[in-house]
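Let me begin by presenting the structure, written as structure tokens, before commenting on it.
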2 protein chains.
Amino acid sequence: MGDLKLNHSVENGSVSMLNSLDHEEFRRQGHMMIDFIADYNQNIEIYPVRSQVKPGGGGGVMYASTCEAFLCTLIAIREQKLSVIGRENLGNLVVYCSDQTHFSLKNSVQIAGISLENIRPIVTTKSDNFQLCPESLRLAIISDLEAGLIPLYLCCTVGTTSSTAVDPLGPFCDVAKEYGIWVHVDAAYAGGTCICAEFRHFLDGIEGANSFSFNAHKWLFTTFDCCCLWGKHPSALISALSTNPEILNNKATESKPVVDYKDWQMALSQRFRALKLWLVLRSYGVTGLRDFIRGHVKIAKHFESLLAGDERFEVVFPTNFAMVSFRVSPLAIPNNEDVNEFNRNLLESVNASSGAYMVHAVVRGVYVIRLAVGPTLTEYQHVNKAFKLVQDHANALLCTYQKHAWQM
Amino acid sequence: MGDLKLNHSVENGSVSMLNSLDHEEFRRQGHMMIDFIADYNQNIEIYPVRSQVKPGGGGGVMYASTCEAFLCTLIAIREQKLSVIGRENLGNLVVYCSDQTHFSLKNSVQIAGISLENIRPIVTTKSDNFQLCPESLRLAIISDLEAGLIPLYLCCTVGTTSSTAVDPLGPFCDVAKEYGIWVHVDAAYAGGTCICAEFRHFLDGIEGANSFSFNAHKWLFTTFDCCCLWGKHPSALISALSTNPEILNNKATESKPVVDYKDWQMALSQRFRALKLWLVLRSYGVTGLRDFIRGHVKIAKHFESLLAGDERFEVVFPTNFAMVSFRVSPLAIPNNEDVNEFNRNLLESVNASSGAYMVHAVVRGVYVIRLAVGPTLTEYQHVNKAFKLVQDHANALLCTYQKHAWQM
């Protein structure tokens, strides 16, 4: 194990940690997370930074949230594109995503001054498990080009919010490349799983993407806020976001031994987020982190098996990670009652009990209840209790509905 | 002293603290900070929020940085304006500031998609102590209108970065009002001083502004990050930045007992910044905080008097707050040597000693060294030592320069 060195940026207290992975390796194999964590496990030396940020080389930066990752990458490609085709074309830029993409992309698009009319949420289908379909993307692009618009940016998701669907990255990157579109991969929730070999296939094809972000504060045991972004072309970020004010000129900046992260982000300053992530990595090690992730997935599968043992429930989407989407089946609900309304009442009743907290989603008109396993301290006993709670509240509610049906 | 109640937003953990001030009072008197702190001193109850956010009423939110305050207010007025005049006019919007405005405004303007060619940094003069001049602003606006451009936003500063100059808010707000321009007051550094009556006059005229931000992490003893923004029209922020995704629908949101701060900011989530500010307010009280601010100003004046006692030094700008801008006078430097170069060498030599840390600025070609008193633990002894350090390094440097002069 090497020496423990923490080189941080003089200006804004950001540790260079995220640059310690071998970006060539990342681009070749498309499996950055595993390299990143493995690097921590095998060699705790945190390399000097600047050598990693060479022209054409990739790089990493930590943001507060996925919104900031969306915004900064959008601005990077927006400025790159407009510098070629002229600023007057801002109104013609088009952003592609799926109808399952996190809603905060819309906010970032609006902030970036791109018309909301120019977002193309491509419709996904249940038969495709709500994954984006590359052919639908191509058709949308062709139609926009014919209308004189300019394709700019595509957001693919690894683990969507509503159903943890995974867009197939390879085919998308291939289509996007043909049209010069920047591909951002949002793996906010599921990115952390890729420290485990069995989940790495979800990143297959990522070598064609331009940027990738995941939230260590979602499922890598780090406190909010900690969104990690890797970009293949930090120079695009830097050329859109850099400032060079006189008051910040100093020898360290001029001689470039440090990365000025202010040039990679919206704000001048940022909190020392890398330190807390570093402490998480040091505390658990890669083995500990993998055990956590795998443990959570097993606990989620266990919850799924409990649901399977009671035929009144149905699991609505495949459990790709550690989120289980379920509902009381229409077959179990007394005649003529609205199944969505029933499940909404069930969730409100469960949450009001304070025994567990779950969140809903509505996908293609279907109201589902989502149980996500993620916190450090969650154990089998907790989901057993949660299942019992859901069962009890479903029993009580079914009883009320049946009474109501008799009285009709 | 009332009950201690901490009402926080269910969604994002933001306490409603900043809404506890009486906005009518703020707008009438333009002295929000004093009301805010006084409210904490006299009555620790934190009021229910929603009642404070009525149509036409003001409101407050906490951001990470001034950059975010600039960006969110710019987006608010940009969207308001474009919804009236059409999105195709984005390229015609103009942002006004002074040549002393913090450089991060430029970044926010760029992110907002407004052309950097449409920023008007109005030239300030030494005779005006580098304050913006309302007549110059009017001339710039008229010239832009004649060129078919659309005045949008004006940034005034209370305590500029380079020289702590204060733009006279009243006359600017009057000019801006005539042309329908949003006025943002950036008091990042100096805003905290307005908890003391003797500094409140710097906010005179603020009743005409649309938004005001200051950084509690700069000079109100709160750790980074903690930028407080008040807006007269949160509805403008909300209509530009709000989202209404299905997954966040819940009874609390529908029945409006809480403010959804996600609709006031760029990101969906935010850290619970209010808690740390609240702890600062509770720990020191208004008396303690005023004592700190006044103490720092006295310590800065003391440093100024030390400089005055050595005729080789000169104080370059008025010490409005607790930042002293000084340099070794051209008269003290041996013939034909560059006075800026000398002072740059002096600062680098002082900082390299690790005995004190100061930052430079260049204002209208004049290189100045800036000593700012602000941290909680700074005492007279520290600036005495700092002055001794500056003197010693100046002596050594003058000695070298004199030797050099003899050898010529």
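On the given criteria, is B:G58 more than 27 Å from B:E146 (Cβ to Cβ) and either touching a residue at least 12 places away in the same chain (Cβ under 8 Å) or in contact with a Phe, Trp or Tyr (Cβ under 9 Å, 6 or more places away or on another chain) (or both)? So B:G58 passes the test. Beta carbons closer than 8 Å, at least 6 apart along the sequence or on distinct chains, pair a first residue in region A:81-103 that is away from every other protein chain (no Cβ under 12 Å) with a second that is part of a helix (DSSP H, G or I) and surrounded by 23 or more Cβ atoms within 10 Å (Cβ to Cβ) for A:V95/A:L74; A:V95/A:L105; A:V95/A:V109; A:Y96/A:L137; A:C97/A:L105. Taking the listed residues B:I293, B:I369, the one that is of a type in the set (A, V, I, L, M), over 22 Å from B:N215 (Cβ atoms) and in contact (Cβ under 8 Å) with a residue 24 or more places away in the chain is B:I369, with no other qualifying. For region B:227-244, the set of residues classified as more than 11 Å from chain A (Cβ to nearest Cβ) and not small (G, A, S) consists of B:C228, B:L229, B:W230, B:K232, B:H233, B:P234, B:L237, B:I238, listed by residue number.
All of (1) touching a Phe, Trp or Tyr at 6+ places or on another chain (Cβ under 9 Å); (2) modelled with pLDDT of 95 or more hold for B:L389 with one exception: (1). Listed by position, the helices (runs of 4 or more DSSP H) enclosed by region A:139-244 that each have at least 1 residues that are open to solvent by 30 Å² or more (accessible area, probe 1.4 Å) and within 30 Å of A:R370 (Cα to Cα) are A:169-178, A:216-219.
Results for (1) over 22 Å from B:Y189 (Cα atoms); (2) touching a residue at least 40 places away in the same chain (Cβ under 8 Å), shown as yes or no for each residue.
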{"residue": "B:V109", "(1), (2)": "no, no"}
{"residue": "B:P121", "(1), (2)": "no, no"}
{"residue": "B:T124", "(1), (2)": "no, yes"}
{"residue": "B:L139", "(1), (2)": "yes, no"}
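Which is touching a helix residue (DSSP H, G or I) at 6+ places or on another chain (Cβ under 8 Å) and closer than 30 Å to B:C399 by Cα, of B:V286, B:V315, B:V280?
Details: B:V286 fails: closer than 30 Å to B:C399 by Cα; B:V280 fails: closer than 30 Å to B:C399 by Cα.
One residue alone meets the criteria, B:V315.
Residues in region A:200-210: is at least one of a type in the set (V, I, T), farther than 19 Å from B:M266 by Cα and within 14 Å of another protein chain (Cβ to nearest Cβ)? No, because not a single residue in region A:200-210 is of a type in the set (V, I, T), farther than 19 Å from B:M266 by Cα and within 14 Å of another protein chain (Cβ to nearest Cβ).
Residues being modelled with pLDDT of 95 or more, away from chain B (no Cβ under 14 Å) and open to solvent by 50 Å² or more (accessible area, probe 1.4 Å) are represented in region A:120-135 by at least one member. Test of understanding: among A:T73, A:T124, which residue is of a type in the set (V, I, T) and in a loop (DSSP other than H, G, I, E, B)? Checking each option against the conditions leaves just A:T124.
Here's a check for you: in region A:104-114, which residue that is under 16 Å from the mean Cα position of the chain (by Cα) and facing chain B (nearest Cβ under 7 Å) is surrounded by the fewest Cβ atoms within 10 Å (Cβ to Cβ)? Don't jump to the end; show me each part of the working.
In the first step, residues of region A:104-114 are kept if they are under 16 Å from the mean Cα position of the chain (by Cα); the result is A:104-108.
Still in the list and also facing chain B (nearest Cβ under 7 Å): A:104, A:106-107.
Values: A:S104: 25, A:K106: 18, A:N107: 25.
The selected residue is A:K106.
Entry remark, region A:245-259: residues being surrounded by 14 or more Cβ atoms within 10 Å (Cβ to Cβ) and more than 13 Å from chain B (Cβ to nearest Cβ) number 3 in total. The numbered conditions (1) touching a residue at least 40 places away in the same chain (Cβ under 8 Å); (2) away from chain B (no Cβ under 14 Å) are all true for A:L377 except (1).
Picking from residues in region B:337-346 that are in contact (Cβ under 8 Å) with a residue 40 or more places away in the chain and either under 30 Å from B:L289 (Cβ atoms) or open to solvent by 40 Å² or more (accessible area, probe 1.4 Å) (or both), the one that is farthest from the other protein chains (Cβ to nearest Cβ) is B:E337. Scanning region B:347-363 for residues that are at the interface with chain A (Cβ under 9 Å from one of its Cβ atoms) and open to solvent by 60 Å² or more (accessible area, probe 1.4 Å) yields one hit, B:E348.
Within region B:273-284, which residues are touching a strand residue (DSSP E or B) at 6+ places or on another chain (Cβ under 7 Å) and either open to solvent by less than 20 Å² (accessible area, probe 1.4 Å) or within 14 Å of chain A (Cβ to nearest Cβ) (or both)?
Residues of region B:273-284 that are touching a strand residue (DSSP E or B) at 6+ places or on another chain (Cβ under 7 Å), as a first pass: B:273-275, B:278.
If the condition is that a residue be touching a strand residue (DSSP E or B) at 6+ places or on another chain (Cβ under 7 Å) and either open to solvent by less than 20 Å² (accessible area, probe 1.4 Å) or within 14 Å of chain A (Cβ to nearest Cβ) (or both), then B:R273, B:A274, B:L275 are the ones that fit.
Test A:Q381 against the criterion of being out of contact with any strand residue (DSSP E or B) (no Cβ under 8 Å at 6 or more places or on another chain), under 19 Å from A:K298 (Cβ atoms) and modelled with pLDDT of 95 or more, and give yes or no. Yes; evaluated as a whole, the condition is true for this residue. Output the residues belonging to region B:374-391 that are surrounded by 12 or more Cβ atoms within 10 Å (Cβ to Cβ) and polar (S, T, N, Q). Correct list: B:T378, B:N384, B:Q391. Kindly indicate whether B:E178 is at pLDDT 95 or above and within 30 Å of B:V84 (Cβ to Cβ). Criteria met by B:E178.
The residues in region A:364-374 that are within 14 Å of A:V315 (Cβ to Cβ) and within 11 Å of chain B (Cβ to nearest Cβ) can be counted, and the count is 2. Highlighted here are the helices (runs of 4 or more DSSP H) found entirely within region A:251-353 that include at least 2 residues which are within 30 Å of B:C226 (Cβ to Cβ) and not aliphatic (A, V, I, L, M): A:273-308.
The values are calculated or read from the model by the stated rules, or taken from the named source; none is laboratory data. The structure displayed is predicted, hence computed values, not measured ones. All Cβ positions, glycine included, derive from the backbone under ideal geometry; neighbour counts span all protein chains shown. We work out accessible area using only protein heavy atoms, side chains counted, and drop any ligands, DNA or RNA first. Shrake-Rupley method; radii C 1.70, N 1.55, O 1.52, S 1.80 Å.
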